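Visitor: This is the structure I want to talk about, given as structure tokens.
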Amino acid sequence: MIIAVYPGTFDPLTRGHEDLVRRAAALFDKVVVGIAYSRNKKPFFSIEERVEIAREVLGHYPNVEVQSFGGLLKDFVREQNGRVIVRGLRAVSDFEYEFQMAGMNRHLLPDVETLFMTPSDQYQFISGTIVREIAQLGGDVSKFVFPSVERWLHEKAKERREQSWPSGV
């Protein structure tokens, strides 16, 4: 059985992420979507929310599992008996960082391959950061995320606006 691990923050899970999961699920016996705690970033959604969102969107794939992880990716891949790390590349700007990470992962996990996948054309420009910014400003993100994710985004954005904006503004 060949198990692939697709790690990321998925903050939020976008149609581009789902596109890669769908295609990876067709290639591998099992795909584990590993949602990272991301201590260095300040995520929009909590780890629990990101896991719940991913399970809502990806739950219909029989060979896809969603889990959270902290610490080193190499440890998570080992725990999952992963043989492949799946990474998405949207643009040349992603390549340099991902290439360095693949080299480090090859050093730490010599028997695990990194597979770079590009999203389908209609998803190449989608970024979780941009989607969050649009949602926080009340914009339409329906073309970039699934309806359940859009609801989560607008609810969280509303919460944050209410917490940070003075009343009467």
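Visitor: Among the residues of segment 111-132, what is the count of those that are surrounded by fewer than 19 Cβ atoms within 10 Å (Cβ to Cβ), out of contact with any Lys or Arg (no Cβ under 6 Å at 6 or more places or on another chain), within 21 Å of GLU98 (Cα to Cα) and modelled with pLDDT under 95?
Guide: Summing the residues that are surrounded by fewer than 19 Cβ atoms within 10 Å (Cβ to Cβ), out of contact with any Lys or Arg (no Cβ under 6 Å at 6 or more places or on another chain), within 21 Å of GLU98 (Cα to Cα) and modelled with pLDDT under 95 in segment 111-132 gives 7.
Visitor: Now, a different point. Name the single residue, out of those in segment 142-167 being at pLDDT 90 or above and assigned to a loop (DSSP other than H, G, I, E, B), that is surrounded by the most Cβ atoms within 10 Å (Cβ to Cβ).
Guide: Out of the qualifying residues, it is VAL145.
Visitor: Quick check, is GLY8 under 22 Å from PHE125 (Cα atoms), among the small types (Gly, Ala, Ser) and surrounded by fewer than 22 Cβ atoms within 10 Å (Cβ to Cβ)?
Guide: yes
Visitor: Also, quick follow-up: Among the residues of segment 133-141, are any closer than 19 Å to ALA36 by Cβ, crowded, with 19+ Cβ neighbours inside 10 Å, in contact (Cβ under 8 Å) with a residue 12 or more places away in the chain and not acidic (Asp, Glu)?
Guide: Within segment 133-141 (the criterion being closer than 19 Å to ALA36 by Cβ, crowded, with 19+ Cβ neighbours inside 10 Å, in contact (Cβ under 8 Å) with a residue 12 or more places away in the chain and not acidic (Asp, Glu)), the answer is no, since none of the residues qualifies.
Visitor: Let me ask something else. Do we find that GLY59 is buried (at least 19 other Cβ atoms within 10 Å of the Cβ) and closer than 22 Å to PRO147 by Cβ in this structure?
Guide: No; evaluated as a whole, the condition is false for this residue.
Visitor: Given the condition closer than 12 Å to GLY34 by Cβ and without any contact (Cβ under 8 Å) to a residue 24 or more places away in the chain, answer yes or no: does some residue in segment 95-112 qualify?
Guide: Looking for residues that are closer than 12 Å to GLY34 by Cβ and without any contact (Cβ under 8 Å) to a residue 24 or more places away in the chain, one finds none in segment 95-112, hence no.
Visitor: Where residues in segment 113-126 are closer than 19 Å to LEU153 by Cβ and touching a residue at least 60 places away in the same chain (Cβ under 8 Å), which of them is farthest from the chain's Cα centre (by Cα)?
Guide: By that ranking, first place goes to TYR123.
Visitor: On to the next question. Filter segment 15-45 down to residues that are touching a helix residue (DSSP H, G or I) at 6+ places or on another chain (Cβ under 6 Å) and part of a loop (DSSP other than H, G, I, E, B) and give me whichever is surrounded by the most Cβ atoms within 10 Å (Cβ to Cβ).
Guide: So the residue we want is PHE44.
Visitor: Name the residues in segment 23-44 that are at pLDDT below 95 and touching a Phe, Trp or Tyr at 6+ places or on another chain (Cβ under 8 Å), would you?
Guide: Once the filter is applied, which keeps residues that are at pLDDT below 95 and touching a Phe, Trp or Tyr at 6+ places or on another chain (Cβ under 8 Å), segment 23-44 yields only TYR37.
The values are calculated or read from the model by the stated rules, or taken from the named source; none is laboratory data. Since this is a predicted model, take the numbers as computed values, not measurements. Positions of Cβ are backbone-derived with ideal geometry, glycine not excepted, and every protein chain shown enters the neighbour counts.
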